[in-house]
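Report on the following structure.
The values are calculated or read from the model by the stated rules, or taken from the named source; none is laboratory data. Keep in mind that this is a model prediction, so the values were computed, not measured. We place every Cβ from the backbone using ideal geometry, glycine too, and count neighbours over all the protein chains shown. To get the accessible areas, we keep the full protein, side chains included, count just its heavy atoms, and leave off ligands, DNA and RNA. Shrake-Rupley method; radii C 1.70, N 1.55, O 1.52, S 1.80 Å.
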Amino acid sequence: MKKVLVTGAAGCLGKLVIKYLLSEGKYEITALDLKCKKTYKALKKYHRRINIIYGDADDPILIDALVKDHDYIIHLASIKPSFSILREKIVKEIDYKASENIVRAITFYNPKCFLIYPSTTNVYGNKKNAVSISDKLSITNNNYYTKNKIETEKLIKDKLNNYVIYRIPTVLTDITKEDFIYNTPINDEAEFITANDCAYALVKTIDHKSEVNKKIYNLSGGSVCTSKYGYVLKNILEIYGLSNKYLWSLIFLEKNFYGNTFSDSKKIEDILHYQSESIESYFMVLKRKNKQRIINRFLAEPFIFFINKRLNK
């Protein structure tokens, strides 16, 4: 039985990855995340079906021990994109160091281990036309999150022989539990991906290791997940109402994340066949789950009006 390590396992994508791995019924799964009430609650229901390790991916001794004993690593542990305004040293310590530990451990102890690494499509900057993996990378000086993703990509390509890098756009998930990237220009035409499709693709990668090895792909949701960023934001505000996260991002965050569309995302879809959801189906799920507070919806009205005005220019 192949052994799979999932870092950042208690996050939205991590939990879905575990669900899909279990549905395959052919993997021994280890989940790694920091121990706190939130992660304990998120992973508790799996405690009899998988191995759960509470620890820090920044701990080289722990990572050495885990990497030695696993065939595949789905490395989801990362700093949240909304923290990209922090000092570069902090972001690098939290984000890059964990990846560096994993790469070093694979290099020295388990060279055959296959790393599945989710990067970000924000590495392309703000492009007017559809982008592909061959496009020149571009980042703003203070976007430390994206800068560290680029450095991690280079580290993986230089050091490993078994890996795939997925550049992933904004993931559509349950924003009451996970952050949504609010700091994107409203009129950007953006190709999104739903959390379910993204997690399923990461798991299906294991069956297609030889086809994707040592390659980079834009992993997105396709044409049915493409829209102006403002349209998605407007619908989220209409469903959930005004939130503290949205206000915080509006006041403090630069618009330094970008929505792009992709000319080559079909390449990985043709291999994995993972796309099953659309933006509209995502909204339908949100509406079914949401228990809206009338006051939040009322407070959101001026922001919805402003977004509509910008979209109609």
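Residues in the stretch 128-155 that are among the basic types (K, R) and either under 24 Å from N196 (Cβ atoms) or surrounded by fewer than 17 Cβ atoms within 10 Å (Cβ to Cβ) (or both): K128, K136, K149, K154. Please verify whether D270 is buried (at least 19 other Cβ atoms within 10 Å of the Cβ), in a helix (DSSP H, G or I), among the charged types (D, E, K, R) and modelled with pLDDT of 95 or more, treating the condition exactly as stated. Judged against the criteria, D270 is not a match.
With respect to (1) farther than 24 Å from E211 by Cα; (2) hydrophobic (A, V, I, L, M, F, W, C); (3) touching a helix residue (DSSP H, G or I) at 6+ places or on another chain (Cβ under 9 Å), the lone exception for I116 is condition (1). Does the stretch 280-295 include one or more residues that are under 24 Å from N122 (Cβ atoms) and modelled with pLDDT of 90 or more? There is at least one residue in the stretch 280-295 that is under 24 Å from N122 (Cβ atoms) and modelled with pLDDT of 90 or more. Of R288, R293, all but one fail to be without any contact (Cβ under 8 Å) to a residue 24 or more places away in the chain, more than 16 Å from S227 (Cα to Cα), out of contact with any Phe, Trp or Tyr (no Cβ under 8 Å at 6 or more places or on another chain) and loosely packed, with under 13 Cβ neighbours inside 10 Å; the exception is R288.
Yes or no, residue by residue, for (1) under 29 Å from Y72 (Cα atoms); (2) open to solvent by less than 10 Å² (accessible area, probe 1.4 Å); (3) among the polar types (S, T, N, Q):
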position: I165; (1), (2), (3): yes, yes, no
position: L172; (1), (2), (3): yes, yes, no
position: A199; (1), (2), (3): yes, yes, no
position: T205; (1), (2), (3): yes, yes, yes
position: H208; (1), (2), (3): yes, no, no
position: V212; (1), (2), (3): yes, yes, no
position: K215; (1), (2), (3): yes, no, no
position: Y231; (1), (2), (3): no, no, no
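Put simply, of D158, D179 the only residue that is in a loop (DSSP other than H, G, I, E, B) and open to solvent by 30 Å² or more (accessible area, probe 1.4 Å) is D179.
Matching residues to (1) among the hydrophobic types (A, V, I, L, M, F, W, C); (2) more than 14 Å from the chain's Cα centre (by Cα):
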residue: T173; (1), (2): no, no
residue: T184; (1), (2): no, yes
residue: A195; (1), (2): yes, no
residue: A201; (1), (2): yes, no
residue: H208; (1), (2): no, yes
residue: E211; (1), (2): no, yes
residue: N218; (1), (2): no, no
residue: Y231; (1), (2): no, yes
